[in-house]
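Working notes for the structure below.
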Amino acid sequence: MAINVNLNDPALIDALAVKTAAVRSLLRQISEEFSPAVFANSLGAEDMVLTDLIVGGNVDIESFSLDTGRLPLETYALIAEVKEHYGLTLKLYYPRHDLVEAYTRENGINAFYESVELRKGCCHARKVEPLQRALAGKKAWITGMRAQQSATREGLPIRVYDEGNGLEKFNPLSDWTEKEVWAYIKLNKVPYNALHDRFYPSIGCAPCTRAITPGEDVRSGRWWWEQPESKECGLHVKKA
């Protein structure tokens, strides 16, 4: 969710300046050494920071998003705002209709509530398979993940080889705090999903995302009926 940050806090602003410079440098390095590279833009707050840095820095990295077919209206509104604000038309990837049809016919339209296995099956059809198509032929991909977001992302490296997809994976904001993300957004007037102002810190598909209460973990609104250790969709697999 959008949080209050003190933009007059010199420690925060200084730390943000250092980290922003490091990310700018990393993005340029990725574009030069790992072309073609792509940015998987999930349209969360962190991803909007990276959008601003990639477009603002005129970095040669393509941006794409996964349209699962069940995104909130506010996310579609942000896709349109990204085009208006940045002149950037995100490349959208959609689920294969045969996989979604087979899943819903066999299991039901909302089967993901019934078990982790069925939820991950839905995520595979709507997210993982489209991601594999988006990454085909690429040398690197970039995400907006942060280590502090959840138990499943603790110790998240800035760079790691993605064995499953056969390319380098970069998480440039891995060591950023939530305050630093929102300070960047506020200072640079970056557009963001309106749901963040309604206590949605992490936003995915509409049926699998809810608002949280102050003090809850930032990922507690995602797949809230599951245990924290299972809360990934399969896009980001952490090796044991």
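The values are calculated or read from the model by the stated rules, or taken from the named source; none is laboratory data. Everything numeric in this text was worked out from a predicted model, so none of it was measured. Virtual Cβ from ideal backbone geometry, glycine too; neighbours counted across all protein chains shown. Keep in mind that these areas ignore ligands, DNA and RNA; they rest on the heavy atoms of the full protein, side chains included. Shrake-Rupley method; radii C 1.70, N 1.55, O 1.52, S 1.80 Å.
The single condition from (1) farther than 20 Å from Thr75 by Cβ; (2) open to solvent by less than 70 Å² (accessible area, probe 1.4 Å) that His196 fails is (1). Scanning the range 55-78 for residues that are open to solvent by less than 30 Å² (accessible area, probe 1.4 Å), more than 19 Å from Cys123 (Cβ to Cβ) and out of contact with any Ser or Thr (no Cβ under 7 Å at 6 or more places or on another chain) returns a single hit, Leu78.
State all residues of the range 174-200 that are charged (D, E, K, R) and part of a loop (DSSP other than H, G, I, E, B); if no residue qualifies, say none. Residues satisfying the conditions are Asp175, Lys189. Taking strands (runs of 3 or more DSSP E) as the structural unit, those lying wholly within the range 87-173 and holding at least 2 residues that are surrounded by 14 or more Cβ atoms within 10 Å (Cβ to Cβ) correspond to 140-142, 159-162, 167-170.
Please specify each residue of the range 31-43 satisfying the condition of being among the hydrophobic types (A, V, I, L, M, F, W, C) and under 26 Å from Leu78 (Cα atoms). Walk me through it before giving the result.
Within the range 31-43, the subset among the hydrophobic types (A, V, I, L, M, F, W, C) is 34, 37-40, 43.
Scanning the range 31-43 gives Ala37, Val38, Phe39, Ala40, Leu43.
Restricting to the range 175-190, name every residue that is crowded, with 21+ Cβ neighbours inside 10 Å and closer than 17 Å to Ser25 by Cα. If the condition is that a residue be crowded, with 21+ Cβ neighbours inside 10 Å and closer than 17 Å to Ser25 by Cα, then Trp176, Tyr184 are the ones that fit. For the range 1-22, taking the residues that are surrounded by 13 or more Cβ atoms within 10 Å (Cβ to Cβ) and within 19 Å of Tyr192 (Cα to Cα), the one that is modelled with the lowest pLDDT is identified as Met1.
Consider Ser25 carefully, then state whether it is of a type in the set (Ser, Thr, Tyr) and open to solvent by less than 40 Å² (accessible area, probe 1.4 Å). It is false that Ser25 is of a type in the set (Ser, Thr, Tyr) and open to solvent by less than 40 Å² (accessible area, probe 1.4 Å). Could you tell me whether Ile203 is under 29 Å from Ile61 (Cα atoms) and either open to solvent by 50 Å² or more (accessible area, probe 1.4 Å) or among the β-branched types (Val, Ile, Thr) (or both)? Against the criterion (under 29 Å from Ile61 (Cα atoms) and either open to solvent by 50 Å² or more (accessible area, probe 1.4 Å) or among the β-branched types (Val, Ile, Thr) (or both)), Ile203 qualifies.
Residue-wise test of (1) of a type in the set (Gly, Ala, Ser); (2) within 21 Å of Ser174 (Cβ to Cβ); (3) touching a strand residue (DSSP E or B) at 6+ places or on another chain (Cβ under 7 Å).
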position	(1), (2), (3)
Asp9	no, no, no
Ala40	yes, yes, yes
Val82	no, no, no
Lys91	no, no, yes
